[in-house]
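Bear in mind these aren't lab numbers, they're just calculated from the coordinates by the rules spelled out. Keep in mind the model is a prediction, meaning the values are calculated, not measured. Here Cβ is always computed from backbone atoms with ideal geometry, including for glycine, and neighbour counts include all displayed protein chains.
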Amino acid sequence: MNVIHTIDALRRIIFENKQKGKRIGLVPTMGFLHEGHLTLATQARAENDVVIMSIFVNPTQFGPNEDFESYPRNLERDTMLAASVGVDFIFAPTVEEMYPHDGGIFIRAGHQATLLCGASRPGHFDGVLQVVAKLFNLIQPNYAYFGQKDAQQVAIIQTMVRDYNIPVELRIVPVVRENDGLAKSSRNVYLTATERSQAPAIQQALQLAKREFIESGNVDKSIQLAVKIIEANMDGSIDYLTILSYPDLTEVTSETEQVLLAVAVYIGKTRLIDNLIFSLKGEPAHV
Ligand code: PAF
């Protein structure tokens with residue numbers, strides 16, 4: 001497996017493989033890989049001739065008071081993990097390589113970025129779109145792999161792909177969980193032992209709220225139930241706990257095909273997110 005740091009080297013590899021008619025799968029990440037990322041890469045391996053994983057902690061998606069500097073990084077460990085699931089190339093550019101110009105051209109996410117994580121992270125999704133658009137342009141993948149854990153991110157990237165006619169197919173991979181239900185995340189390493197023991201309450205709350213919603217169709221009642229469980233079991237504070245239509249992220253109506261039940265909780269210094277996506281009848285997601 002090769003680790004590439006420059007756009008020139010990346011372009012050469014893409015050119016050679018496109019000329020040979022190879023199908024390219026892209027797994028965009030910010031590194032510090034966990035099983036969730038490896039599941040994306042494993043699916044990419046099964047569906048493509050060439051698998052490229054990008055590892056880039058993208059500064060433009062971090063707010064001024066967020067953890068850009070302290071975000072965990074370990075390229076050596078990531079390289080070994082990526083190789084173990086058959087990734088062919090890692091693209092790990094520097095910030096200067098990705099953003100040599102401050103040209104002032106931005107893609108701005110719309111309504112979908114104003115709520116959920118976007119409400120407390122203004123500009124975050126614009127930064128995500130900026131880097132993802134660049135990666136799509138540089139790598140021109142046939143398939144790009146994203147985790148359902150970041151359901152809002154997926155919805156917004158889907159909208160960019162649709163609205164800008166980007167020739168890539170998004171492949172959305174279900175949330176990968178620890179045995180106790182906690183969604184895997186690079187940020188889980190920040191949890192203290194007590195916080196870690198409380199964190200599975202998030203998934204328990206979502207499961208009970210989902211059951212309530214399917215039975216009663218009552219958004220407020222379902223949300224209140226989940227809030228009660230989280231408040232009773234965690235020393236955390238809820239940033240949001242919402243039920244919306246997916247992927248448009250509008251109010252649920254009788255026309256809604258997919259429902260997003262999404263939560264973000266601050267516990268200690270860590271912000272954890274999780275979600276479930278299902279139909280009004282409770283059938284699993286088709287994202
Ligand atoms: O989900 C992430 O890790 C990041 O937002 C992404 C898509 C790699 C863009 O930096």
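Output the number of the condition that Met53 fails; it satisfies all remaining conditions of (1) within 21 Å of Val175 (Cβ to Cβ); (2) free of Cβ contacts under 8 Å to residues at least 60 places away in the same chain; (3) surrounded by fewer than 19 Cβ atoms within 10 Å (Cβ to Cβ); (4) within 19 Å of the chain's Cα centre (by Cα).
Unmet condition: (3).
Suppose we filter the stretch 78-135 for residues that are of a type in the set (Asp, Glu) and assigned to a helix (DSSP H, G or I); how many remain?
4
When you look at Asp248, is it under 18 Å from Cys117 (Cα atoms) and part of a loop (DSSP other than H, G, I, E, B), yes or no?
yes
How many residues does the stretch 110-133 hold that are within 16 Å of the ligand (Cβ to nearest atom), within 22 Å of Asp163 (Cα to Cα), touching a residue at least 40 places away in the same chain (Cβ under 8 Å) and out of contact with any Leu (no Cβ under 6 Å at 6 or more places or on another chain)?
Selection size over the stretch 110-133: 13.
Applying the selection to the stretch 215-239, what residues are among the hydroxyl-bearing types (Ser, Thr, Tyr), over 20 Å from Tyr266 (Cα atoms) and loosely packed, with under 15 Cβ neighbours inside 10 Å?
Within the stretch 215-239, just Ser216 meets the criteria.
Considering only residues that are in a loop (DSSP other than H, G, I, E, B) and in contact with a Leu (Cβ under 7 Å, 6 or more places away or on another chain), look in the stretch 186-222 and name the one that is farthest from Ile277 (Cα to Cα).
Only one residue tops the list, namely Ala199.
Being over 17 Å from Asn233 (Cβ atoms), surrounded by fewer than 16 Cβ atoms within 10 Å (Cβ to Cβ) and touching a Gly at 6+ places or on another chain (Cβ under 7 Å) is the filter here; which residues of the stretch 163-214 pass it?
Matches in the stretch 163-214: none.
Pull out all pairs, ordered by first then second residue, where Cβ-Cβ is under 9 Å, the residues are six or more apart or on different chains, the first lies in the stretch 234-263 and is among the aromatic types (Phe, Trp, Tyr), and the second is surrounded by fewer than 17 Cβ atoms within 10 Å (Cβ to Cβ).
Within 9 Å, the pairs are Tyr240/Leu115; Tyr240/Ala119; Tyr240/Ser120; Tyr246/Glu257.
Quick one: in the stretch 1-40, which of the residues that are within 13 Å of the ligand (Cβ to nearest atom) and outside any loop (DSSP other than H, G, I, E, B) is nearest to Arg73 (Cα to Cα)?
Applying the filter and picking the extreme gives Thr29.
In the stretch 134-147, which residue that is within 13 Å of the chain's Cα centre (by Cα) and of a type in the set (A, V, I, L, M, F, W, C) is nearest to the ligand (Cβ to nearest atom)?
The selected residue is Phe146.
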